[in-house]
Structures are given as structure tokens and as C-alpha cells.
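Worksheet for the structure shown next.
The values are calculated or read from the model by the stated rules, or taken from the named source; none is laboratory data. Just so it is clear, the structure is predicted and the values come from calculations on it, not from any experiment. We place every Cβ from the backbone using ideal geometry, glycine too, and count neighbours over all the protein chains shown.
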Amino acid sequence: MAYVALEQITFRFSGRQPAVIDKLSFTVSRGEIVGVLGASGSGKSTLLRLIAGLEMPESGSISVDGRLLTNERVFLEPEQRGVGMVFQDYALFPNMTVADNIVFGLHKLKRSMRLLRLEQMLELVQMKEYAKRYPHELSGGQQQRVALARALAPQPSVLLMDEPFSSLDAHLKASIRSELRQILQKANITCLLVSHDQADIEAICDRVLRIQEGGRENEFEETAVG
């Protein structure tokens, strides 16, 4: 059974414009890391925003773990979806420490549970010694790990990553790619990762979804894992 299912999703920014995504359908299995590959303007980032609830589709449906997130009659707000997202610029709060950034979305938990989850996340991304530092005191790769820990801390049903390497220097990418795949596998998280770089996808993902211009699915294709 599909864990994430998109059926006939269509989206356009206004009624007069061509569809950014046009009748796109695909599924993702539980625990699978799927890459979304396509040229600029193909609708990759918009696809993630639709799953997260930051945009509303014109038609079609999206469900995660059997729970309907949106269709023509239903629209769950982003905070109700259980979806984690890592943005291109990581969007860390500059005036908060690493620890405070990670626990930011855990305000509903008791303090003891927040602290336990913080310890788990710091260990997962190997950032224990940096807990009291601020984002400007970290390298690009370290900021990425903090953003990942913050997204994983609330235990989302699915993790969405939008061009996670765009802020990194080229020489850092190889080690960070391998590190990211290990973290995702250890967390046993279902993940969609958007990139324009095929090398990113091949190093991290189990499968790739190629999207043509206009947001149409071209094909699912098995990729080698780096």
C-alpha cells in the first residue's frame, strides 16, 4: 500500500496561466527516499509546497499514511499535516541557539519530553557539542544538520527537502550527501528530496521521479545508491 499518494494533481498560480503541475500522479512507499529531479520551472518546489499545505491544488488529491490531506472538498492546514520541511536556506532562527532551534516546534510536549527529543536529535545529527552555539557560528553543513534535526524532531510522517545543497560549497557536497543519506536511513523517515542536480539524487535517493516542464511526470526510474 502506498504511504504517500498523489492522484491527478493540477496546480496553477492563476486561472489564466498554464498549469505549473498538470495531472501529476505518483506514490511513495513507507521509509523510501525519493528524489524529484527536473529543470528550473518544472514545478519541483511547488510540488513540495502542495504536500506541505503551503499551496492549494486546483484539482486532485494528496494523502499520507491513508489520511487525506487535500482534495476538492478537504484541505488540512500545514500544522495539521505532520509534514516536516527543510528549505533551501535552512530558515534557522538567527537569535536562537542550536538547541532552541531544534525544540522550537515541540512546545506541546512536556519539558522532560522536549529535552529527551533534543538529546535524540543532537545525537542523530552529531551536533551535541554545538547545542549552545548560534547559526552564524556554524558552517553550512552544520546548519543543514540543525535544520534537518529541527524538521525531524516533531516526528513527521514525511520529510520534504527542497534543494538542500544549494547553500553549500561544491567541495563539501560529497561528504554531506553521504552523511545525509545515513541520517535519513537511521531516522527511518519517508522523504522526498528536490534537486536540479542528478548527482545529489543518485547519492541519496532510492528512486528518482523525473518531472517534465509543466509539472508532468515523465517516469519513475531506479537509481544507483552512492
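Structure notes:
- Residues located in the stretch 1-45, provided they are assigned to a strand (DSSP E or B) and either more than 29 Å from residue 185 (Cα to Cα) or of a type in the set (Ser, Thr, Tyr) (or both): 8, 10, 11, 21, 22, 23, 25, 27
- Meets criteria (buried (at least 19 other Cβ atoms within 10 Å of the Cβ), of a type outside the set (Phe, Trp, Tyr), under 15 Å from the mean Cα position of the chain (by Cα) and not in a loop (DSSP other than H, G, I, E, B)) for residue 69: no
- Some residue of the stretch 131-139 being loosely packed, with under 15 Cβ neighbours inside 10 Å and part of a helix (DSSP H, G or I): yes
- Being of a type outside the set (D, E, K, R), part of a loop (DSSP other than H, G, I, E, B) and under 25 Å from residue 193 (Cβ atoms) holds for only one residue in 120, 144, 155, and it is 155.
- In summary, residue 85 fulfils each of the numbered conditions (1) within 22 Å of the chain's Cα centre (by Cα); (2) not in a strand (DSSP E or B) with the single exception of condition (2).
- Taking the listed residues 16, 49, 67, the one that is among the charged types (D, E, K, R), at pLDDT 95 or above, farther than 30 Å from residue 139 by Cα and out of contact with any Lys or Arg (no Cβ under 8 Å at 6 or more places or on another chain) is 67, with no other qualifying.
- Evaluated against (1) under 16 Å from residue 194 (Cβ atoms); (2) of a type in the set (S, T, N, Q); (3) exposed (fewer than 13 other Cβ atoms within 10 Å of the Cβ), residue 46 falls short on exactly one condition, (3).
- Pair list, Cβ under 7 Å, 6 or more apart: the stretch 1-13 residue over 7 Å from residue 60 (Cα atoms), other residue hydroxyl-bearing (Ser, Thr, Tyr) and in a strand (DSSP E or B): 2/27; 4/27; 5/27; 5/63; 6/25
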